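**Student:** Just dropping this structure here.
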Amino acid sequence: MRKNIFFIFLFALFAIPMVFAADTTLTIQTLPDHDVDVSILKPIEIYSLIESFHKKSDSNGTLSITFTTTETEYYARIWLKKDNVIITYEKFEEGYAVGESKTFDVYPEWYIKQKEIENSGNFADDSETTTETTETSTETEVVTEENSTTTETPEVETKKIEETNSDNNSSFLSQITGFTSFKGGNSTNIIYYIVGGLALLGVLGTTGFLIIRRRH
């Protein structure tokens with residue numbers, strides 16, 4: 001009789017699974033200094049709460065909780081709030097193993113997009129490209145201005161030389177003849193006028209000399 005009882009006890013010991021409660025630690029990464037509500041649920045379709053938490057994230061946006069359950073798996077639902085206003089709400093219902101540490105990221109959509117842009121570095125590339133383009137344009141403008149002020153075509157230089165020579169001839173002839181009215185005229189015509197004037201003076205002088213000689 002005692003042997004039968006002993007065998008029955010051993011059968012019950014191995015046939016009936018023993019149920020133990022296990023601790024599970026969750027870490028939640030979210031926005032800093034925000035209210036976080038966490039619900040730990042049984043992995044079934046009907047809402048069945050195991051334990052709930054209402055805490056606040058630290059200055060780094062980190063929050064840790066530990067719950068105890070006899071279930072082998074669990075679901076999690078997390079609300080992120082600020083001043084009692086829900087910012088985002090996430091469901092994690094993939095059947096997570098009890099007893100294993102787990103980290104959940106809970107961020108609003110706008111924060112995720114902002115981080116993606118920052119990580120891609122598009123702003124930095126655009127800024128560098130704009131800066132390089134501006135510097136290149138500035139250097140090109142400076143070189144163009146310098147060239148425009150210091151470089152002249154041969155035709156322009158030749159024209160300037162002719163104008164300078166013309167002005168010099170006019171000034172020289174004006175000083176010799178005393179006729180300032182010829183200053184703006186053509187240098188060739190002025191020379192003709194001077195030669196004609198000198199010839200006329202020679203003729204008049206010769207004529208006067210002959211008349212005086214005849215009188216004597």
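The values are calculated or read from the model by the stated rules, or taken from the named source; none is laboratory data. These numbers come from a predicted model, not from an experiment. Counting neighbours? That spans all protein chains shown, and the Cβs are built from the backbone with ideal geometry, glycine included.
**Student:** Give me a count of the residues in segment 97-123 that are outside the structural domain of L80 (by TED's automatic domain parsing) and touching a residue at least 40 places away in the same chain (Cβ under 8 Å).
**Tutor:** 0
**Student:** Can you report the number of residues in segment 54-85 which are under 34 Å from the mean Cα position of the chain (by Cα) and among the aliphatic types (A, V, I, L, M)?
**Tutor:** Final tally of qualifying residues: 1.
**Student:** Scan segment 99-118 for residues that are within 33 Å of the chain's Cα centre (by Cα) and of a type in the set (S, T, N, Q) and report the count.
**Tutor:** 1
**Student:** With the requirement that a residue be assigned to a strand (DSSP E or B) and closer than 18 Å to V98 by Cα, what does segment 46-67 give you?
**Tutor:** Within segment 46-67, L49, I50, E51, S52, F53, S64, I65, T66, F67 qualify.
**Student:** Of I78, I28, I8, which residue is modelled with pLDDT under 95 and either out of contact with any helix residue (DSSP H, G or I) (no Cβ under 9 Å at 6 or more places or on another chain) or more than 28 Å from K115 (Cβ to Cβ) (or both)?
**Tutor:** Going through I78, I28, I8 in turn, the sole match is I8.
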